[in-house]
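Here is the structure we will look at.
Readers should treat all values here as calculations from the given coordinates under stated rules, not as data from a laboratory. Quick caveat: nothing in here was measured; it's all calculated off a predicted structure. A quick note on method: Cβ atoms are made from the backbone with ideal geometry, for glycine too, and the neighbour counts reach across all protein chains shown.
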């Protein structure tokens, strides 16, 4: 009997081996992996620091949220390696809602920066802190993931240019002007417009970010805020995690009128993996109140091919020099079919290869575009620092607002 069982097991193993041999490796995935071995893939937005803060089992505990093991979220070291990530802007996001305001926006922002810096320090063999485009390239050459912080929401500076400079000095290299809440000086995409874009103080925030060398991130902002920022900025902007509004009419996506301005500015839209921004069916489903949604079918799912559609559209309108990747992993609950975690990036590049993208253009998408924008922002900063001192303007002075 034991001999029969062994024979059966061997037969199954042989069949599995034959089956595995009968399914050839995807040549496009193999080509994508070769490309990402030699050219850095730099993602514009990952919310791991907030996932650590909000982890139900051990909130704020960087040691307990062990990236050397499989984590409950979308990001850990093994999956980062499989996804061939070469650099990451780690979002030090804080919400703009009232409950965070009561704690103090700047206080919570400092706590998030602390979490990110402790993560970098815990894995020095894999995550290398950087603050420049050259730093990203050097980390990639050493086989490490260049890691820089990006602030998500200008509410964190509490209407203070001094606070903005302090956050820059702590290592933040972009700031999303708004999150979901309209500020005293900037309109958000998902809130009631109050200022028709940026106020005079908001414009001064952009100018001071230019002087510092801090990328102006227009994700989450209203189209009027996007337009005003493009009017003012002397350096390229980014959209750290957004998609194309002409493909899916969602308020968080970027209109073609703004995409058409990017070639002159040099900016980059880093396409996100948020299902409701990527799929019209998901966006429509999300607009229906939960109690009114049909119960006889599952909710729709966004797909990898739809992400590629957004990338293709931005390439068509803005040009191949103005598109990148900004997944928003660990900042989303639902994921896209085919892009479930940070291990999945090569599949997206394989899909674009099937659509005829050249390796040269894919290197731009992967990281060369955002590195070019960052390099130019650094060049502009060097010039502006020589031309003018730090701004001492206040919101009271420029907008007539009381403290």
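Distance from the alpha carbon centroid of region 304-366 to that of region 134-192 works out to 23 angstrom. Considering only beta bridges that DSSP places wholly inside the chain, some 10 percent are antiparallel. Classified by the C-alpha gyration tensor, the chain has a prolate form. Its axis ratio a/c, with a ≥ b ≥ c, is 1.5 or above, and a/b is larger than b/c. Modelled spin-label separation between residue 64 and residue 391, with each label point placed 7 Å from Cα along the Cα-to-Cβ direction: 4.2 nm. Site pair residue 292 and residue 184 shows an inter-label distance of 3.8 nm when each label is modelled 7 Å from Cα along Cα→Cβ. Summed over qualifying helices (DSSP H, 4 residues or more, each -39500 (n - 2.57)) and divided by its residue number, the chain shows a 222 nm mean residue ellipticity of -13500 deg cm²/dmol.
How far, in nm, would the chain grow between residue 142 and residue 337 when pulled straight, counting 0.36 nm per residue and subtracting the alpha carbon separation? Contour length minus Cα-Cα distance gives 67.0 nm. Each of residue 196 and residue 360 was given a label point 7 Å from its Cα along the Cα-to-Cβ line. The distance between the two points is 4.5 nm. Put simply, when 295-302, 104-111, 51-58 are sorted by average Cβ atoms within 10 angstrom per residue, most first, you get 104-111, 51-58, 295-302.
Taking 18 Å as the cut-off, the amide N atoms of region 151-186 that come nearer than this to a point 7 Å along the Cα-to-beta-carbon line of residue 107 belong to 155-160, 163. Computed from Cα positions, the angle between helix 304-318 and the longest principal axis of the chain comes to roughly 40 degrees.
Treating r as the C-beta distance of residue 56 and residue 134 and R0 as 30 Å, the FRET efficiency rounds to 0.15. The packing ranking, built from the mean of other Cβ atoms within 10 Å per residue, places the peptides 319-330, 245-256, 360-371 in the order 319-330, 360-371, 245-256, highest first. Using C-alpha pairs under 8 Å with a sequence gap of at least 6, the mean separation divided by the residue count of the chain gives a relative contact order of 19 percent.
Extension gain, residue 30 to residue 301: 0.36 nm times the residue separation minus the Cα-Cα distance gives 94.9 nm. Stokes-Einstein, applied to the Kirkwood radius of region 252-362 over Cα pairs at a viscosity of 1.567 mPa s and 4 °C, places its translational diffusion at 86 µm² s⁻¹.
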